[in-house]
Each structure stands twice: as structure tokens, then as C-alpha cells.
1. Quick check: with the 1.4 Å probe, what order do 136, 201 take by accessible area, largest first?
2. From the Cα gyration tensor of the chain, with a ≥ b ≥ c the square roots of its eigenvalues, which class applies: rounded if a/c is under 1.5, or else prolate if a/b is larger than b/c, or else oblate?
3. Hey, what's the chain come to in accessible area per residue, 1.4 Å probe, Å²?
4. Decide, for the range 47-107, between rounded, prolate and oblate: order the square roots of the alpha carbon gyration tensor eigenvalues as a ≥ b ≥ c, take rounded if a/c falls under 1.5, and otherwise choose prolate if a/b is larger than b/c, else oblate.
5. As a test of reading the structure, rank 112, 62 by solvent-accessible area (1.4 Å probe, protein chains only), most first.
6. Treat each spin label as a single point 7 Å out from the Cα along the C-beta direction, and report the residue 73 to residue 173 distance in nm.
7. If you average the alpha carbon positions of the range 1-68 and of the range 138-189, how far apart do those two centres end up, in angstrom?
8. Report the calculated FRET efficiency for residue 194 and residue 80 (r = Cβ-Cβ distance, R0 = 22 Å), to the nearest 0.05.
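The values are calculated or read from the model by the stated rules, or taken from the named source; none is laboratory data. Predicted, not measured: the structure shown is a model, and the values here were computed from it. Positions of Cβ are generated from backbone atoms using ideal geometry, with glycine treated the same way; all protein chains shown enter the neighbour counts. For the accessible areas, the whole protein counts, side chains as well, though only heavy atoms, and no ligand, DNA or RNA atoms are used. Shrake-Rupley method; radii C 1.70, N 1.55, O 1.52, S 1.80 Å.
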Amino acid sequence: MQLTYIQGLELCGTFAFAVSGATAAINKSYDVIGLLALAFITAIGGGTIRDLLIGATPVAWMTDELSNTAIIAAAIIAAVFFSYVKKLQRWLNIFDAIGLGLFTITGINKGMAAGLPVPVCVALGVITGTFGGLLRDVITGEQPILFTREIYAVASIAGGCLYVLAGIFTNCSGDIIQSISVTVIVSIRLLSLRYNWQLPRIDNRK
């Protein structure tokens, strides 16, 4: 079966987030069932919520054997090679950033295919890109990245806006625009971690 660029993009995002979820499960010493469950939840959580919001049922993962296979493969790879990288926090951060970038674009594409307004499409991209990680953090008892001062949703919004605006105002190939937008999201996220960029704090103390 030959994949389109869009399908390949979503498959890569699925794999990246599944690795992120599996790695988080191993960090918490989960058993095999817990590892697989967290890999699936992280990979499909945002997309499931997106599909339910736009009425696309059955949701994507229920009819996509290739994505399910990619999630299982990602969980196995993370488990087998984790001992070599368990001391590197970058392992989780890099895959999370890749998943954020790829899923943001696939979420926007789903919204556009449904004929929704551009702002709604961007919102769907952010939901697709961030809610899998949100569910992962809640389940593992970590403070959700989405609700901290970290540059996370902002990276998704920035790359998503770039994607839709470039599609409207330029004649570049869709594949090129998507690749650039994903790179921007991943770069913003990783640079924010490298240089400790944070959003302003809302302080209600008087």
C-alpha cells in the first residue's frame, strides 16, 4: 500500500507520540499493559477528541491498522532500547516535540477537509497536537505541560498559523509548507526547552 504524504505525516506523528508515551510509562515503572496503554493513549488521544468534535466516526484509529501497528512497534522499540537512553531527558522531549509538530498539521488538515473556518482548523490542530500529551501527563501524575508556562501550545499555534497563512498567501507546494511548519513547531519547542523560554506568569496576589 502506497501512502500519501499526509498519511505518512500522520503515521510519523503517531509513532513519535507512542514512543513518548511508552518512555513515560517506563520512567514510571509501569508493566507491559500499562506501557502499551499509555503509548496508545498518548498517540491517539488528541486525534480521538478531534474526530469526535467534528463528527468523524468511527474515529481514525479504529479503522487504521497501520497506525495501530506503528504504536505497538513504537512501544516495543522504546522498551528494548530504553536502557541506552534512560538518562537522557531529551529522549522524551524530542519525540514529544516531533509528535506536537506532526499532529498539529494533521489536525488542521482534518479541519480543512471538513470545511471548517480557518481559526477552528488551527484550534483542531492544537487539540490534536497537545491533548495526547495532556492525557499522558495526567495519567502519570505529572503536571501537564499544557498548563504550565512552557512554550508548548504556543509552538503549536505559531506553526499552525504559519501553515494556514502560507497556504492562503503563497504558491508553495503543500508538502513544502507542511514540512516547514512542522520544523517551526519542533524548533520552537526544543529551543524553548534549551533556553528556558517561558510564558508570563499570571499572578493574582495583591
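1. Details: 136 5, 201 160 Å².
Solvent-accessible surface, decreasing: 201, 136.
2. Numbers: a/c = 1.57, a/b = 1.14, b/c = 1.38.
Taking the square roots of the gyration eigenvalues as a ≥ b ≥ c, the chain is oblate.
3. On the way: 10940 Å² over 206 residues.
For the chain, the solvent-accessible area averages 53 Å² per residue.
4. Details: a/c = 3.78, a/b = 1.78, b/c = 2.12.
Oblate is the answer for the range 47-107, as a/c is 1.5 or above yet b/c matches or exceeds a/b.
5. Values: 112 85, 62 120 Å².
So, going from the largest accessible area down, we get 62, 112.
6. 2.4 nm
7. Using only Cα atoms to place each centre, the spacing works out to 18 Å.
8. Working: r = 28 Å, r/R0 = 1.28.
Efficiency for this residue pair is about 0.20.
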